[in-house]
Amino acid sequence: MPPSPRRLGPAEHGIRTEGVDANSVEVVGRLQEAGFHAYLVGGCVRDLLLGFAPKDFDVATDATPEEVKSVFRRARLVGRRFRIAHVRFGREIIEVSTFRKAESEGVELDSTGMIVSDNQFGSLEEDAWRRDFTINALYYDPIDGELLDYVGGLEDLRKRRIAFIGATSVRIAEDPVRALRALRFQAKLQFDICASISNALTDAAHRLQAVSSARLFEEFNKLFLLGYAHAAWQAISVTPLHRILFPCTPPQSEVVSLAMRNTDERIAADKPTTPGFLIAVLLWQDYSARLNALSSGHPPPVAAEIAAEQILAHQSTIIAIPRRFSLFAREVWTLQPRLVERQPRSIDRIYTHKRFRAAYDLLELRAKVDDALHEAFDWWTRYQADPASRDALIGALPIPTTPRNPRRRRRGKKPSAVVSSTAP
Ligand code: ATP
Ligand code: MG
C-alpha cells in the first residue's frame with residue numbers, strides 16, 4: 001500500500017471542467033465551505049478520465065448523512081445497507097455518501113463471508129480501499145482540480161484493465177454481484193478483466209445464487225438498458241454466470257443477440273426501451289418449447305397460460321420480474337401466434353392491442369432467423385405502412401381453417417386450473 005496517494009494536478013490528469021456537472025460542483029463546494037472534505041468519486045471520475053460523458057456524478061465526503069442534511073435542507077436520507085443523502089436539483093439527484101471503512105474493519109459478514117451491513121464510517125483512504133475496482137476508486141476535487149489515487153486506479157485505466165482492490169476471492173465472497181459488475185465494466189468500457197477475475201467466475205456464479213432477486217433485477221437493468229447490452233450479453237453468455245442467471249436462455253440464441261443489438265440502437269437513438277421486452281425475448285425460446293410440449297394435452301390458451309406461468313415463476317426466483325414486466329412478456333407472447341395466423345376478424349383487435357408494437361418487434365427478430373415467418377412479418381409491415389391497402393391485405397388472406405380441436409370453440413369459458421390471465 002503506498003504511504004500517501006498519488007496526486008495529480010489539472011495539467012497532468014487532463015479532466016476538462018466543462019465535462020463536470022455544475023450541480024455536483026455546487027454540492028462539493030458547499031460541503032467544503034461548511035468545513036468538510038468532499039470529492040467526486042467512482043464512475044464519474046473514471047468516465048471523465050476516459051473522455052466519456054458520465055451517467056451520474058457521485059460525491060464522497062467525511063460529513064455524516066445527517067451533516068449533509070444540515071448543509072442541504074432539501075437532502076433526503078435513503079438506503080438501509082448504505083445510508084446516503086440524495087440532493088435533488090430539479091430532475092437530477094446527486095448522491096452523497098459518507099467515507100466508509102475497508103471491508104475487513106467493522107463490517108458485518110454472514111457465515112459465507114457476504115457483507116450484511118456496511119455503515120461504519122471511515123477516512124478518505126479507507127473509503128478508497130473499500131471500493132470494488134481500482135478504476136472506480138479515484139477521487140477528484142472539482143474546486144482545486146486535484147485528483148487522488150490511493151489504489152493504482154490510474155495505472156489500470158492506462159492499461160485498460162479491470163482489477164479488484166485487494167484479493168479477488170475475498171472481494172467476491174463479500175459481494176458476489178461484484179463479479180457481474182466486472183463483466184458490466186468490461187462491456188461498457190471495452191476493458192479486459194484480469195485473470196484472477198476470470199478464474200473466480202465459477203465460484204462467483206455459485207455465490208450469486210444467494211443474492212436477492214430484487215438486487216439482481218437492478219443489475220439486469222444496468223447491464224442491458226444503458227446502451228451496451230450486446231457487449232454485456234456477449235460477456236456474460238460465455239461465463240458460468242450465464243447458467244445461474246439465465247438458465248432458460250440458450251447462450252448462443254441469435255434472437256437474443258439481435259434483441260440486445262437492437263436495444264443498444266434504440267438507446268443511441270433516444271427511443272424508449274423496457275425490461276419487459278428483453279424478458280419476453282430472453283425467455284421466448286423456452287416459452288415456445290414448453291407451449292409445444294403442453295399443446296397436446298391442453299387447449300391453446302390454457303397451454304399458453306401454463307407455459308408462461310411456469311417459465312416466469314422460474315426465472316423470477318433468480319432475477320425478480322416486477323408484475324408489469326411479466327404481464328408485458330405474456331402479452332407479447334400470446335400475440336405471436338395471432339400475428340402469424342392473422343384471423344381476418346381479429347386483425348383490428350391485434351393491431352390496436354397495446355402490445356402490438358412490441359409483439360411486431362419480436363416477430364421481426366424471429367423472422368430474421370426463421371424464413372417461415374417472413375411472409376407474416378412483411379404482411380404486418382405493409383399493413384402498418386399503408387392504411388389504404390388494409391382491406392385488400394385482409395381480403396387476400398387465406399380463408400381461416402375451422403379449428404380442429406373442438407374445445408377451442410368453448411369461447412368465454414375460463415380455465416380453472418390457471419392462476420392469472422394474460423391480456424386484459
Ligand atoms: P456507472 O457508470 O455504471 O454508474 P459506477 O462505477 O458509477 O458505474 P455505481 O454502481 O454507480 O457504478 O457505483 C458507484 C461507485 O460505488 C463505484 O464506482 C464504486 O466505487 C462503488 N461501488 C458500487 N458498488 C460497489 C460494490 N458492490 N462494492 C464496492 N464498491 C462499490
Ligand atoms: Mg454511477
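Assorted remarks:
- Ellipticity estimate at 222 nm from DSSP helix runs (n ≥ 4, -39,500 (n - 2.57)) divided over the chain, nearest 500: -15000 deg cm²/dmol
- For the stretch 290-304, Karplus couplings with θ = phi - 60° (6.51, -1.76, 1.60), whole Hz, Gly/Pro x: 5, 4, 4, 5, 7, 5, 5, x, 9, x, x, x, 5, 4, 5
- Rg over Rh [alpha-carbon atoms, Kirkwood Rh] for the chain: 1.06
- C-alpha center-to-center spacing [the stretch 1-73, the stretch 226-260] in angstrom: 34 Å
- With R₀ fixed at 22 Å, the C-beta to C-beta distance from ARG7 to LYS159 puts the FRET efficiency at about 0.60.
- Here the gap between THR317 and ALA268, fully extended at 0.36 nm per residue and compared with their Cα-Cα distance, gives a gain of 14.5 nm.
- Most positive-pole-ward Cα, ALA293, THR263, ALA359, against dipole of the chain from beta carbon charges: ALA293
- The modelled label-to-label distance between VAL238 and ALA372, using points 7 Å beyond Cα along the C-beta direction, is 3.3 nm.
- In plain terms, the chain from ARG73 to ARG261 could stretch by 63.3 nm, reckoned as 0.36 nm per residue minus the Cα-Cα distance.
- Between ASP192 and LEU397, full extension at 0.36 nm per residue minus the direct alpha carbon distance yields a gain of 68.5 nm.
- With a threshold of 25 Å on the Cα-Cα distance, the over-threshold entries among LYS188/LYS271; LYS55/LYS271; LYS271/LYS354; LYS222/LYS271; LYS159/LYS188; LYS55/LYS368 are LYS55/LYS368.
- Helix 254-268 axis, angle to the chain major axis (alpha carbon atoms, nearest 10°): 60 degrees
- Distance between modelled label sites at ARG357 and LYS222, nm, 7 Å Cα→Cβ extension: 2.9 nm
All of the numbers you see were taken from the coordinates with simple rules; none came from a lab. It should be emphasised that the depicted structure is a prediction, and the values quoted were computed from it without experimental measurement. Virtual Cβ from ideal backbone geometry, glycine too; neighbours counted across all protein chains shown.
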